[in-house]
1. Output the residue which, of all residues in region 82-101 that are farther than 15 Å from Gly159 by Cα and either basic (Lys, Arg) or not in a helix (DSSP H, G or I) (or both), is least open to solvent (accessible area, probe 1.4 Å).
2. Does region 275-296 contain at least one residue that is among the polar types (S, T, N, Q), under 28 Å from His15 (Cα atoms) and surrounded by 17 or more Cβ atoms within 10 Å (Cβ to Cβ)?
3. As an exercise: evaluate Asn296 against (1) touching a residue at least 12 places away in the same chain (Cβ under 8 Å); (2) polar (S, T, N, Q); (3) over 30 Å from Tyr170 (Cβ atoms) and give the number of the one condition it does not meet.
4. If you go through region 201-213, how many residues are part of a helix (DSSP H, G or I) and surrounded by 13 or more Cβ atoms within 10 Å (Cβ to Cβ)?
5. For Cys264, only one of the following conditions fails: (1) free of Cβ contacts under 8 Å to residues at least 24 places away in the same chain; (2) open to solvent by 40 Å² or more (accessible area, probe 1.4 Å); (3) not polar (S, T, N, Q). What is its number?
6. On the basis of being among the hydroxyl-bearing types (Ser, Thr, Tyr), more than 26 Å from the chain's Cα centre (by Cα), surrounded by 12 or more Cβ atoms within 10 Å (Cβ to Cβ) and within 26 Å of Ala204 (Cα to Cα), does Thr253 make the cut?
7. What is the number of the single condition among (1) among the aliphatic types (A, V, I, L, M); (2) over 15 Å from the mean Cα position of the chain (by Cα); (3) open to solvent by 30 Å² or more (accessible area, probe 1.4 Å) that Ile27 does not meet?
Amino acid sequence: METVVSGIRSTGKLHLGNYYGAVKNFIKMQEQYNCFFFIADYHSLTTHPTPENLHGNVKHVLVEYLAAGLDPEKCTLYVQSDVPEVTELYLYLNMNAYLGELERSTSFKDKVRSQPQNVNAGLLTYPVLMAADIILHHATKVPVGKDQEQHLEMARTFGNRFNNLYQTDYFKEPYAFNFSEQLVKIPGLDGKGKMGKSEGEMNAVYLSDSPEIIKKKVMKAVTDSGPTVENQEKPQEIQNLFDLMKVVSTEDTYQYFETAYNSCTIRYGDFKKQIAEDMILATADIRLKIEDIAKNTSLLHKVAILGAEKARESASKTIKEVREIIGFRPF
């Protein structure tokens, strides 16, 4: 079986963007591929979480991964920091990652603008750590969003550069992978970009949100004064809401409001109410499982231990072979 690797930063609870953009496909992948799914707590250090937040956030993601349907017997589900081999490979790759190419990373430039007081080296070398996560397990398939495709291209660059430097074909090239025809990007409720934790609490609908909170968030979503001409192009904030409806609602429901918009008869209150109801229905089962699994500390401990053992079996083999290729020898 081909190997799949993907991770989610432990910077808080999982939202619909994580679920529909990644986790829902993970459930399918674990049946057909050799899957490594990890909780990226090393990556989260770029934002300097407190010890309490760091552990709590890792627990949130682990619980929600399990509630969403990931099976630790079918895939390798682990916490990134439980596999120290990734940092060793990160070090080796950093030796051949150049300042210019790292500074040209779109995500790095975005972070420089958004958090000018915390432009740390971890942000600069984020793509190198991501590359280490991927090629540590010799993954060829990486389910990533559109915003991560540049990082994946850099992972190929770093792997190929290692191969060329040491005249080997050790690392394979990883490519973007999704079960759908195109990579999924779930918009947020603020009318701008994608759904995300860093854009504010009201921008994202979390898998653990109560029905009341979901309703409140969706009803406050940004809209305009409504269409004035039949079949006019939708502004970004309205298109975002239609994109969300397409994900959580039936095709008939979507077409009903599409027709209402095109005929200038849409009522945004009814439109958003329908989206909220469909979101509540779509997340109901997961929400109940989250509540049950979060209380089961024994289960969480067993899952983390099993995942670390399976991940380190793969990682230690890679590091042993990489050290030999580079030229490290015991005396």
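The values are calculated or read from the model by the stated rules, or taken from the named source; none is laboratory data. Please read these numbers as outputs of a predicted model, since none were measured by experiment. Heads up, the Cβs are rebuilt from the backbone with ideal geometry, glycines too, and the neighbour counts pull from every protein chain shown. What goes into the accessible areas is simple: the full protein's heavy atoms, side chains included, and nothing from ligands, DNA or RNA. Shrake-Rupley method; radii C 1.70, N 1.55, O 1.52, S 1.80 Å.
1. Step one: of region 82-101, the residues farther than 15 Å from Gly159 by Cα are 82-85, 87, 99-100.
Within this subset, residues satisfying the condition of being either basic (Lys, Arg) or not in a helix (DSSP H, G or I) (or both) are 83-84.
Numbers: Val83: 2, Pro84: 56 Å².
Result: Val83.
2. So in region 275-296, the residues among the polar types (S, T, N, Q) come out as 283, 296.
Right, trim to under 28 Å from His15 (Cα atoms) and you get 283, 296.
Applying the additional criterion that residues be surrounded by 17 or more Cβ atoms within 10 Å (Cβ to Cβ) yields 283.
Within region 275-296, one or more residues are among the polar types (S, T, N, Q), under 28 Å from His15 (Cα atoms) and surrounded by 17 or more Cβ atoms within 10 Å (Cβ to Cβ).
3. Only one criterion in (1) touching a residue at least 12 places away in the same chain (Cβ under 8 Å); (2) polar (S, T, N, Q); (3) over 30 Å from Tyr170 (Cβ atoms) is unmet by Asn296, namely (1).
4. 4
5. Against the list (1) free of Cβ contacts under 8 Å to residues at least 24 places away in the same chain; (2) open to solvent by 40 Å² or more (accessible area, probe 1.4 Å); (3) not polar (S, T, N, Q), Cys264 comes up short only on (1).
6. yes
7. With respect to (1) among the aliphatic types (A, V, I, L, M); (2) over 15 Å from the mean Cα position of the chain (by Cα); (3) open to solvent by 30 Å² or more (accessible area, probe 1.4 Å), Ile27 is out only on (2).
Matching residues to (1) under 20 Å from Ser208 (Cβ atoms); (2) out of contact with any Leu (no Cβ under 6 Å at 6 or more places or on another chain):
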position: Val4; (1), (2): no, yes
position: His15; (1), (2): yes, yes
position: Cys35; (1), (2): no, yes
position: Phe38; (1), (2): no, yes
position: Leu45; (1), (2): no, yes
position: Pro49; (1), (2): yes, yes
position: His60; (1), (2): yes, yes
position: Leu70; (1), (2): yes, no
position: Ala97; (1), (2): no, yes
